[in-house]
Each structure stands twice: as structure tokens, then as C-alpha cells.
Amino acid sequence: MSFRFPDHTFVIAEIGINHNGSLDLAKRLIDAAVDAGCDAVKFQMRVPHLSLRPDQWNIIRDTPWGERMTYLEYRQRIELTPEDYLAVADYCAGRIVWFASPWDIDSARKVPAYGMPIVKVPSAMVTNLLLLEEIAKLGRPVIMSTGMCDLAMVDKAVSILYPAVPELGLLACTSNYPAKPADLNLSRIQTLKEEFTACSAGYSGHEPGLWTTLCAVALGARIIERHITLDRTLPGTDQAASVEPGGFKLLVREIRNFETALGSPHIRILQSELETIKRLRG
């Protein structure tokens, strides 16, 4: 499985669990990401009874379907099936890169069967060293979010993953949904660049709005991940911290405009300025 991060900012639309267990909704979210010009879509994969703590299994909660059920039942219902994931792979083929974040070892072992070119480590799993070892065995590029982590935790995870994997991206992240600007600490992007020079630095955002994500690109984030939704008012735990299709299209457009505007660092007279020189300098 050969994949390399592109030279431009790699923009990921995180579908996550915003499909609410519906393959049809997942496809509509993929369509929205393609239309916005994203580079990739990302899902979350779990075997619920393996990735959910037993003390959480029987907690009763409301669900997107208007029913009350245990948290374990909810997690089981919100997962896509293996057949669904094969359909997702087929639906994305030739249109957009797709991959997922496995939350347990069983899910990680399914990555090759689905043909995912990348693997994502979610912030919650950075300290799950056995899972990291399993992911490292896959030999694929890895992107890892670093929310809820200190530098020592990130360093330990990197030591397991790299150089076992061909490329490693590290994303500054705040694991609040939604996150307040005061908690974003975008300066961590620079810290990741300085501390892990062999890795690509990026940003995974859960904040309302787009401007802070654009600031992350200006600070050097080479990988950007934001959750995508068709409607932020839809039921689901991540919907309110997500970006709707129109916003995602604007985000990608402005990232590309920023990349164009960076241009050359050399101070010189531009061809486009010659006529202005004639008018203003005589």
C-alpha cells in the first residue's frame, strides 16, 4: 500500500460517526467532502465491547433515533457494518482518499481488508501502546491526534510508530466538543514541528468557525482535519463541533488561496508591478 502526503495542505473531512450508522448518510457526507475539494474522508471504527469501558456499557442514554438504550447498544447501532465499509471503499474509489481510526486491535487488523492507505490514531488511543504496536505493523502512513496528551505521551507513541511506518503526521488537538478558542493553543503546532522533525505537523479542530483553522495553516500545519456534517443541528455527539458543506467548501478554498498567496520569499520586482512602476515612478 503506497501513499505519500501531498506537497499541499492535506485536508481531511472527518465523517467519524456523523453518519449515525447509516450508509446512505455516509455517502452523502462523502459527496459533500468531494464537492468541497477535500483530499480525504475519515471514519471511526470500533468493536464496541472492546473499545468501550465495561462501566459505561449499561448507562442509559438518548440516541439519534429518538430511543433510549444502553450506551453499549447505542455504540453497536452507530457502527457501520463490514459490508458498509466495503461499499464506502467502492464509493470513494477514484474520487477521494478514505481511511479510518481504529479504536481497538480487532478493528486495526481489518484495515488491510478495506484497502485503507492511511491509519489514524485518535487522541483517546495515544496511550494504548498495544494498539499502537498493532497499527505500526500495518506499515502504512499514520496520522495521530495529540489531544489529552502531554509531551511525554506523544514522545512514547512516536517511538512505537516511527520509523516503523513510512510517514507520520502529528496533529495538535483539543479534545473538547466544541472547543473554545482559549483552549486551542495553536502554538503547539510549532512545538510539534520542533520536537518531531521527521514528522509532519498538523491540526485537528473541534471549534466553531473556520478562522482558527486557517490560522493553523498559516502557522505551518500541513495536515488539517475537521468534522463534516450535513447539518449541525442533527442528533449526534460530534455534530455541533462539525462544519457544514458550505463552510467546508469555503475552508478548502481559503486554504488553497493562502497557499497561492504565500508565493516566493524573494524580495524582487514582480512582472505585474511593471506598469505600476511606469505610472508612479515616472
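The values are calculated or read from the model by the stated rules, or taken from the named source; none is laboratory data. All values reported here derive from a predicted model rather than from experimental measurement. In this analysis, Cβ positions are derived from the backbone assuming ideal geometry, glycine residues included, and neighbour counts consider all displayed protein chains.
For residues in the range 240-264 being in a helix (DSSP H, G or I) and of a type in the set (Gly, Ala, Ser), which is surrounded by the fewest Cβ atoms within 10 Å (Cβ to Cβ)?
The first filter runs over the range 240-264 and keeps only residues in a helix (DSSP H, G or I), leaving 240-241, 245-262.
With of a type in the set (Gly, Ala, Ser) added as a condition, the list becomes 240-241, 246-247, 261.
Working: 240: 15, 241: 20, 246: 11, 247: 17, 261: 8.
The residue in question is 261.
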- Task: Considering only residues that are free of Cβ contacts under 8 Å to residues at least 24 places away in the same chain and surrounded by fewer than 13 Cβ atoms within 10 Å (Cβ to Cβ), look in the range 220-239 and name the one that is nearest to residue 142 (Cα to Cα).
- Result: 231
- Any idea which of 191, 174 is among the hydroxyl-bearing types (Ser, Thr, Tyr), over 30 Å from residue 67 (Cβ atoms) and surrounded by fewer than 21 Cβ atoms within 10 Å (Cβ to Cβ)? 191
- Task: Test each condition in (1) touching a residue at least 60 places away in the same chain (Cβ under 8 Å); (2) surrounded by 15 or more Cβ atoms within 10 Å (Cβ to Cβ); (3) under 28 Å from residue 255 (Cβ atoms) for residue 43 and report the one that comes out false.
- Result: (1)
- So, first residue farther than 11 Å from residue 199 by Cα and in contact (Cβ under 8 Å) with a residue 12 or more places away in the chain in the range 155-168, second residue outside any loop (DSSP other than H, G, I, E, B) and of a type in the set (Lys, Arg), Cβ within less than 9 Å, six or more apart or across chains; the pairs are 164/137
- Check whether at least one residue in the range 57-76 is of a type outside the set (Val, Ile, Thr), closer than 19 Å to residue 120 by Cβ and surrounded by 14 or more Cβ atoms within 10 Å (Cβ to Cβ), and report yes or no. yes
- Inspect all residues belonging to the range 106-117 and state whether any of them is in contact with an Asp or Glu (Cβ under 6 Å, 6 or more places away or on another chain), buried (at least 16 other Cβ atoms within 10 Å of the Cβ) and not in a loop (DSSP other than H, G, I, E, B). yes
- Message: Exactly one condition in (1) in contact with a Leu (Cβ under 9 Å, 6 or more places away or on another chain); (2) modelled with pLDDT under 95; (3) of a type in the set (D, E, K, R) is false for residue 28; which is it?
- Response: (2)
- Item | Count - residues of the range 169-219 that are without any contact (Cβ under 8 Å) to a residue 24 or more places away in the chain and assigned to a loop (DSSP other than H, G, I, E, B) | 3
- Query: Do you know which residues across the range 238-282 are under 16 Å from residue 13 (Cβ atoms) and among the hydrophobic types (A, V, I, L, M, F, W, C)?
  - Reply: 241, 243, 248, 250, 251, 252, 255
- Based on what the data block shows, is residue 126 crowded, with 20+ Cβ neighbours inside 10 Å, modelled with pLDDT of 90 or more and not small (Gly, Ala, Ser)? yes
- Task: Answer with yes or no whether residue 8 is crowded, with 24+ Cβ neighbours inside 10 Å, farther than 15 Å from residue 246 by Cα and not β-branched (Val, Ile, Thr).
- Result: no
- Task: Among what's in the range 69-112 and is under 21 Å from residue 137 (Cα atoms) and among the polar types (S, T, N, Q), pick the residue that is farthest from the chain's Cα centre (by Cα).
- Result: 107
- Report whether or not residue 154 is of a type in the set (Val, Ile, Thr), within 19 Å of residue 19 (Cβ to Cβ) and in a helix (DSSP H, G or I). no
- Message: I'd like to check something: does the range 66-86 contain any residue that is under 24 Å from residue 131 (Cβ atoms) and among the small types (Gly, Ala, Ser)?
- Response: no
